[in-house]
Amino acid sequence: RKRVNEEMSLITTEASPSLSLIENGGGSDKRTAELSRSNRRTVQNLSATSLMRNRSDLKLISRVRWEFMKRMLTNLQEVLLGTKLFLLFPAVPLAVVAHRYGCPRAWVFALSLLGLIPLAERISFLTEQIAFHTGPTVGGLMNATCGNATEMIIAILAVGQRKMRIVKLSLLGSILSNLLFVLGTSLFFGGLSNLRKHQSFDRRQGDMNCILLFLALLCHTLPMILRFATQAAGGSATNATNVLVVHPTRNEDGSDVLVLSRASSFLMLFAYLAFLIFHLFSSSLTPPPPPPPPPPQREEEEEDVYDDNVSDKEEEEAVIGMWSAILWLITMTLLVALLSDYLVSTIQDAADSWGLSVAFIGIILLPIVGNAAEHAGAVIFAFRNKLDITLGIALGSATQIALFVVPVTVLVAWAMGIEMDLNFNLLETACLALSILVTSFTLQDGTSNYMKGLVLLLCYIVIAVCFFVANSPSAETSTTNHTLTKRYVMFTN
């Protein structure tokens, strides 16, 4: 009887924090509150970088007598050798040497693309290190603004070189990659590795991100529709001899589309700011809904080999100082800017050398290779049946690019005196719309299995094949759309 009482007390102690909060009328239990704060911090701060880190052995460094030298060596080991992607760091100086001594530009593009993989992962790692020193709120804001720093730097540098098509293709490719490739791969392999387990997630997170993505889709679709509508409305008429005459209108230069795009960019930034406030403050005030009851499992089911509670607790410590992290973050950002400049200036030569279209490289290759570390982290979390973190990585990154990076790029181009709108052309916008629809339908019931992931992967493969066979022009203007629209008007009239 005494043993039964001890087991019952142990079960009561290990109950979920949310259940204890409800039973105690708001969480008067101090230990429960600490567990709740610990769980919230783990979900907010844990990302792909925690899975890409190598365990640092500081035995040799501890033997150094000088404290300054010891700190310097510790920072070097944690930043440069503290990642499983450190083998790709030599691609950074090789890209600089290849560009300096006039090697084939396709080589420069390939080396720059490989060098961006560890740099992007280290930027996320350094952002998290700063977040440990500044608290969860400031850390969440930093992760929200610096989470896709690589895409933003590439986009701004491409805007400076007036390569608007590359800007739009790379940003669209990042959204499609996160929605279909990353999420699909995670759900597929996560479902295969957890066939005997009930896979569920907080449906509120998916609903909120999908609503924001639909808002971004509306802001992308209306400029395209306005462009076609204004060109088809007042641009043609027939004279007395039945000869079609095309009259220019005041909207022919796309000024109204620019005004709409810039106004929509401000609204998208406002929506993203409201989402951050809701995510950091309001969402933690409402208790989560009760999880659905899992299906009955056999008692002899083997223990979860992917459980990493111990590792999660070990990750909740800063390994370098705040100012060291800031200096390293500035250094990594400058290196990313340098390689991004090489990437933008050589993408056309790489496309010609490899026989690929710029659209395929911008939409498929750049997002997959540039965010390989983040993608791998989402898949590993799905293996461990932590789908809430997987959705936070995939959907959160897509929402951030759609509502933050894209409008910031439009406004930066406006400040530089360069015209950039939200018209991503018909094919690209249709792919974005269908991808958001498929993703929202996939996540609507709050459960996951490998079949859903397979469908998302097949959708991404179809889009990749479409842009592979389509010989998209590499010109940086949209004159082709104007010509096709005029021909359509002449034919219909």
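Among the residues of the range 428-461, those that are touching a Gly at 6+ places or on another chain (Cβ under 9 Å) and assigned to a loop (DSSP other than H, G, I, E, B) comprise Leu443, Gln444, Gly446, Ser448, Asn449. Does Ala398 satisfy the criteria of being under 19 Å from Arg165 (Cβ atoms), open to solvent by less than 40 Å² (accessible area, probe 1.4 Å) and in a helix (DSSP H, G or I)? No; evaluated as a whole, the condition is false for this residue. Within the range 95-118, the set of residues being more than 14 Å from Val344 (Cα to Cα), without any contact (Cβ under 8 Å) to a residue 24 or more places away in the chain and open to solvent by 40 Å² or more (accessible area, probe 1.4 Å) comprises Val97, Arg100, Tyr101, Gly102, Cys103. Taking residues in the range 201-223 that are in contact (Cβ under 8 Å) with a residue 40 or more places away in the chain, and partners anywhere that are aromatic (Phe, Trp, Tyr) and in a helix (DSSP H, G or I), the pairs with Cβ atoms closer than 9 Å and at least 6 places apart or on different chains are Met208/Phe275; Met208/Phe278; Asn209/Phe275; Leu212/Tyr272; Leu212/Phe275. Being part of a helix (DSSP H, G or I), free of Cβ contacts under 8 Å to residues at least 24 places away in the same chain and closer than 16 Å to Leu119 by Cα holds for only one residue in Ile330, Ile326, and it is Ile330.
Against the test of being at pLDDT below 90, open to solvent by 30 Å² or more (accessible area, probe 1.4 Å) and in a helix (DSSP H, G or I), the options Thr477, Thr483 yield a single qualifying residue, Thr483.
Of all positions in the range 356-377, none carries a residue that is more than 23 Å from Ile461 (Cβ to Cβ) and at pLDDT 85 or above. Residue-level analysis places Cys466 outside the set of residues that are assigned to a helix (DSSP H, G or I), farther than 23 Å from Ile166 by Cβ and open to solvent by 10 Å² or more (accessible area, probe 1.4 Å). On inspection, Val489 passes the criterion of being at pLDDT below 95, touching a strand residue (DSSP E or B) at 6+ places or on another chain (Cβ under 6 Å) and either in a helix (DSSP H, G or I) or more than 21 Å from Asn178 (Cβ to Cβ) (or both). Sort out which residues of the range 401-422 are among the charged types (D, E, K, R) and open to solvent by 30 Å² or more (accessible area, probe 1.4 Å), and write them in order of number. Once the filter is applied, which keeps residues that are among the charged types (D, E, K, R) and open to solvent by 30 Å² or more (accessible area, probe 1.4 Å), the range 401-422 yields only Glu419. Please go through the range 387-427 and pick out each residue that is among the charged types (D, E, K, R) and more than 18 Å from the chain's Cα centre (by Cα). Those that are among the charged types (D, E, K, R) and more than 18 Å from the chain's Cα centre (by Cα): Glu419, Asp421.
So is Arg53 modelled with pLDDT under 70 and in contact with a Ser or Thr (Cβ under 7 Å, 6 or more places away or on another chain) or not? Against the criterion (modelled with pLDDT under 70 and in contact with a Ser or Thr (Cβ under 7 Å, 6 or more places away or on another chain)), Arg53 qualifies. Being out of contact with any helix residue (DSSP H, G or I) (no Cβ under 7 Å at 6 or more places or on another chain) and of a type in the set (Asp, Glu): is that true of Asp352 here? In short, yes. Scanning the range 372-391 for any residue that is surrounded by fewer than 20 Cβ atoms within 10 Å (Cβ to Cβ), among the aromatic types (Phe, Trp, Tyr) and within 24 Å of Leu192 (Cβ to Cβ) turns up at least one such residue. When we screen Phe181, Phe125, Phe214 for residues that are aromatic (Phe, Trp, Tyr), modelled with pLDDT of 85 or more, under 19 Å from the mean Cα position of the chain (by Cα) and buried (at least 20 other Cβ atoms within 10 Å of the Cβ), the only hit is Phe181. Just one of the numbered conditions (1) touching a Lys or Arg at 6+ places or on another chain (Cβ under 9 Å); (2) open to solvent by 30 Å² or more (accessible area, probe 1.4 Å); (3) among the hydroxyl-bearing types (Ser, Thr, Tyr) is not true of Thr442: (2). Taking each residue of the range 404-427 that is within 11 Å of Leu171 (Cβ to Cβ) and assigned to a helix (DSSP H, G or I) and looking for partners that are among the β-branched types (Val, Ile, Thr) and open to solvent by 30 Å² or more (accessible area, probe 1.4 Å) with beta-carbon atoms closer than 7 Å, six or more apart or interchain, yields Thr409/Ile156. Considering only residues in the range 413-463 that are out of contact with any Leu (no Cβ under 7 Å at 6 or more places or on another chain) and of a type in the set (Ser, Thr, Tyr), the one that is nearest to Thr390 (Cα to Cα) turns out to be Thr447.
The values are calculated or read from the model by the stated rules, or taken from the named source; none is laboratory data. Keep in mind that what you see is a predicted model, and the values were worked out from it rather than measured. Note that we place each Cβ from the backbone using ideal geometry, even for glycine, and neighbour counts take in every protein chain shown. Each accessible area value is taken on the protein alone, full model and side chains, heavy atoms only, with ligands, DNA and RNA left out. Shrake-Rupley method; radii C 1.70, N 1.55, O 1.52, S 1.80 Å.
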